[in-house]
Amino acid sequence: MDWLYEHKLPVGDLASALFEWIRTHAESALDILSLILESTIDGVLWALHTPHPLVVIAIFVGIAWLLQRNWKTCLLVGLGFLFILNQGYWRETTESLTLVLTSCAVCMAIGVPIGIAAAHRPRLYAVLRPILDLMQTLPTFVYLIPAIVFFGIGMVPGLISTVVFVLPAPIRLTQLGIASTPDRLTEAVRAFGGSNRDVLFKAELPYAMPQIMAGLNQTIMLALSMVVIAALVGADGLGVPVVRALNQVNTSLGFESGFIIVVVAIILDRILHRNKEQ
């Protein structure tokens, strides 16, 4: 068995060489991507930081009312944000919301079209399936290494690692929703002279909308679970006090900041709960 140990396959060396090649030959593209993402993050941060916190809270309560039409949910959202404000974590919460909302927008913009294409092309999904499995099972800390290599320290590598970790969810659920569309619906659209575009927008997407919204909800929850890990690469937000509490073995700070993350997760889940069930 000694020969098996002596002839180690160079998996790590190949990965390192690949990352180095990408960094060398795609430096301009990576710089442009970093600039775009950084500008987007700064824009969302400006939108959340500029108004008075009560104005932002009122906007989220209004969104909850538009989606839920339930005063209890609106009350829960309002009280949740007021509790965060009372605990002094408003800035960290808005920074985490920026990371979550931006990564969610990127994931849905990429994942939904890929999911639609995979549903229409079974061979494509057969190729994507092991890649999605790898993306979901690979330890999340591993994503931080290439993110730091390509984008340095800050919010951008945190966003990139979050997107890579979360992206399989909207792809899988969109593919499931589109692929499970009954044939009678698509045949009815075609019977009235509908094109492939009509079949997609008038039959498949409406039928798959509950699955897509479930993908949106799962995307937000998974992205929120990455805030602590993203703090390890310099991303701002609620992960920073958690990491600080871990380094200082500060149980008070750790429970306080961790509980705020739970409150944010409950707020976002309640806002999207009805859409998830539909």
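Some points to look at:
- Over the stretch 220-261: Rg over Rh, Cα atoms, Kirkwood Rh: 0.96
- Positive-pole candidate from 94, 74, 12, dipole of the stretch 1-108, charges at beta carbon: 74
- Exposure of residue 207 as accessible area (Å², to 10), given a probe of 1.4 Å and all protein chains: 100
- Relative contact order, percent, the chain [alpha-carbon distance under 8 Å, six or more residues apart]: 23
- Sequence-separation-based contact order of the stretch 47-204, relative, with Cα cut under 8 Å and 6+ spacing, percent: 22
- Cα centroids of the stretch 243-263 and the stretch 50-73: 27 Å apart.
- Placing +1 on the Cβ of every Lys and Arg and -1 on the Cβ of every Asp and Glu, with nothing else charged, gives the chain a dipole about its Cα centre of roughly 1040 debye.
- Using θ = phi - 60° in the Karplus curve 6.51 cos²θ - 1.76 cosθ + 1.60, the 3J(HN,Hα) couplings for the stretch 129-138 round to 4, x, 5, 5, 4, 5, 5, 8, 9, 5 Hz; x is entered for Gly and Pro.
- Per residue, the stretch 14-148 exposes an accessible area of 58 Å² to a 1.4 Å probe, with every protein chain left in place.
- Percent accessible area from carbon and sulfur atoms, the chain, protein chains only, probe 1.4 Å: 66
- Amide hydrogen proximity for residue 154: with H placed 1.01 Å from N in the peptide plane, the residues at 5 or more positions away or on another chain lying under 5 Å are 234, 235.
- Computed over the alpha-carbon pairs of the stretch 55-140, the distance histogram in 10 Å steps reads 15, 28, 25, 23, 10, 0 percent, short to long.
- Among the protein heavy atoms, those of residue 42 account for about 80 Å² of accessible surface (1.4 Å probe, every chain in place).
- Longest DSSP-loop-exposure-free segment, trypsin sites (Lys or Arg not before Pro), the chain, at most 16 other Cβ within 10 Å: 70-278
The values are calculated or read from the model by the stated rules, or taken from the named source; none is laboratory data. Remember, it's a predicted structure, so these values are computed and weren't measured experimentally. We place every Cβ from the backbone using ideal geometry, glycine too, and count neighbours over all the protein chains shown. SASA here: full protein model, heavy atoms, side chains in, ligands and nucleic acids out. Shrake-Rupley method; radii C 1.70, N 1.55, O 1.52, S 1.80 Å.
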